[in-house]
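Student: Let me give you the structure first, and then I'll get to my questions.
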Amino acid sequence: MKYTEVMIRYGELSTKGKNRKDFIGRLAGNVTKVLKDFPEVEIHPRHDRMHIVLNGASFDKIDKRLRKVFGIQTYSPAIKVPKTLTDIEETALALMQETFKTGMTFKVNTKRSDHHFEYDTNQLNSMVGDYLFDHMDGLKAEMKHPDIVLRIEVRQDAVYISSQLLHGIGGMPVGTAGKAMMMLSGGIDSPVASYLAMKRGVEIEMVHFFSPPYTTEKALAKAKELTGILANYCGKINFIAVPFAEIQETIKEKLPEGYLMTVQRRFMLQLADRIRAQRVGLAIFNGESVGQVASQTLQSMVAINDVTTTPVIRPVATMDKTEIIKLAEEIGTFDLSIQPFEDCCTIFAPPRPKTKPKLDKAREYEARLDVEGLIERAMTGIEITPIYPNEKFINDQAAADQELL
């Protein structure tokens with residue numbers, strides 16, 4: 001069946017009162033981004049729903065994109081027909097014949113915004129239902145819980161007919177809650193935290209620390225590719241690579257082993273905060289889960305968070321590893337996250353880090369270093385890359401490595 005349109009119904013947007021128009025506009029912008037390689041498609045955001053005119057584009061391909069856009073509650077592929085009973089009946093029959101399987105139940109559900117149309121909703125329900133019974137065998141009507149709901153919408157311009165109600169992932173349109181920096185490692189947790197942040201409408205920019213020559217280009221490529229998977233949910237994410245080797249070398253050389261991780265994390269948070277201020281963000285997100293590793297105990301969080309008054313939000317803080325892995329598998333980041341490319345969090349990890357570091361000690365040790373100089377030099381070396389859905393970097397890097405051999 002060649003669908004002509006897609007009808008998108010909003011989720012939580014219906015509760016947003018005076019801000020509704022802004023939320024719908026942001027959702028329309030996000031849909032436009034994820035459908036940017038379908039130039040023939042037209043997107044019309046309206047107060048009650050969004051209307052996508054396919055103009056020949058494949059619904060199956062559009063469907064794969066829409067199911068990942070936050071802010072969509074449900075959507076239906078539909079066929080636009082002229083406002084005549086014959087067109088309505090024939091299109092309804094074609095849709096039912098494509099969808100119906102033996103034993104299924106159905107009902108016809110008509111809505112009418114054009115109240116001057118010659119038939120009311122009950123008349124259309126009855127006439128279309130009778131037409132289907134006359135032209136198909138084995139049909140059974142069911143009003144309460146049918147397997148198929150044939151939806152007929154009579155609007156001012158035309159009639160729209162659909163037989164599927166597909167569920168989006170809900171949430172809020174990315175960008176409606178403001179912008180924040182996401183501290184992205186190459187592990188399992190931070191991509192999941194990124195997904196959860198975006199689901200609540202946060203526009204994220206990835207801050208990734210890399211330490212050449214201790215970390216490889218493949219580790220950086222892996223973090224970028226994870227960002228490409230997450231970009232499916234918003235259309236584009238800026239990736240900010242921060243050089244961190246000098247800071248790690250200095251800390252390892254001058255500070256006690258037990259506080260290496262704590263002071264290292266303090267520097268990471270200070271850098272993330274500088275970048276946030278520079279790029280006009282409102283908060284910092286990360287993938288910390290309480291008690292999972294030494295740097296994620298409550299005592300460690302106190303000693304690390306001390307360097308900023310900016311909100312630091314941890315979407316997976318109370319989730320256990322099994323829950324995080326399950327969600328990572330669902331959003332498609334797990335297989336890439338477990339690829340064994342070491343990031344800067346693991347290369348200088350001490351064998352016995354403090355699990356209950358003292359705040360005054362962390363401050364004292366950090367004060368021995370040229371904090372401002374180290375941070376300024378790292379800031380001058382940052383590289384910003386816009387990353388789009390499903391961009392590949394690991395294979396490209398492997399090819400580049402092969403050329404060097």
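The values are calculated or read from the model by the stated rules, or taken from the named source; none is laboratory data. In this text the structure is predicted, and so the values were computed from the model without any measurement. Note that each Cβ is placed from the backbone with ideal geometry, even for glycine, and that neighbours are counted across all protein chains shown. For the accessible areas, the whole protein counts, side chains as well, though only heavy atoms, and no ligand, DNA or RNA atoms are used. Shrake-Rupley method; radii C 1.70, N 1.55, O 1.52, S 1.80 Å.
Student: Counting only residues that are part of a loop (DSSP other than H, G, I, E, B) and surrounded by 12 or more Cβ atoms within 10 Å (Cβ to Cβ), which one in region 333-349 is modelled with the lowest pLDDT?
Tutor: Selected residue: F348.
Student: Hey, another quick one. Working carefully through the options N232, N238, find the one that is of a type outside the set (A, V, I, L, M), in contact (Cβ under 8 Å) with a residue 24 or more places away in the chain and part of a strand (DSSP E or B).
Tutor: N238
Student: Now, a different point. For region 88-144, which positions are within 35 Å of the chain's Cα centre (by Cα), within 17 Å of P77 (Cα to Cα) and open to solvent by 20 Å² or more (accessible area, probe 1.4 Å)?
Tutor: Across region 88-144, the qualifying residues are E98, T99, F100, N109, K111.
Student: Would you please list the contacts, defined by Cβ atoms under 8 Å and residues six or more apart or on different chains, that run from a residue in region 350-374 that is part of a helix (DSSP H, G or I) to a residue that is open to solvent by 30 Å² or more (accessible area, probe 1.4 Å)?
Tutor: L359/V302; L359/D306; A362/D306; R363/D306; Y365/P256; V371/Q270; L374/E246
Student: Next up: Looking only at residues in region 281-293 that are open to solvent by 20 Å² or more (accessible area, probe 1.4 Å) and among the aliphatic types (A, V, I, L, M), which one is modelled with the lowest pLDDT?
Tutor: Only one residue tops the list, namely V293.
Student: Step by step: first the residues of region 6-21, then only those that are surrounded by fewer than 22 Cβ atoms within 10 Å (Cβ to Cβ) and over 12 Å from G71 (Cβ atoms), then the one that is modelled with the highest pLDDT. Which residue is that?
Tutor: Filtering region 6-21 for residues that are surrounded by fewer than 22 Cβ atoms within 10 Å (Cβ to Cβ) and over 12 Å from G71 (Cβ atoms), the one modelled with the highest pLDDT comes out as M7.
Student: Continuing with this model, one more query. Of G228, G187, G201, which residue is small (G, A, S) and open to solvent by 10 Å² or more (accessible area, probe 1.4 Å)?
Tutor: G187
Student: Would you tally the residues in region 37-77 being open to solvent by 20 Å² or more (accessible area, probe 1.4 Å) and touching a His at 6+ places or on another chain (Cβ under 6 Å)?
Tutor: Number of matching residues: 1.
Student: Name the one entry in K224, K140, K218, K199 that is in the same structural domain as R49 (by the TED database) and in contact (Cβ under 8 Å) with a residue 24 or more places away in the chain.
Tutor: After applying the criteria, what remains is K140.
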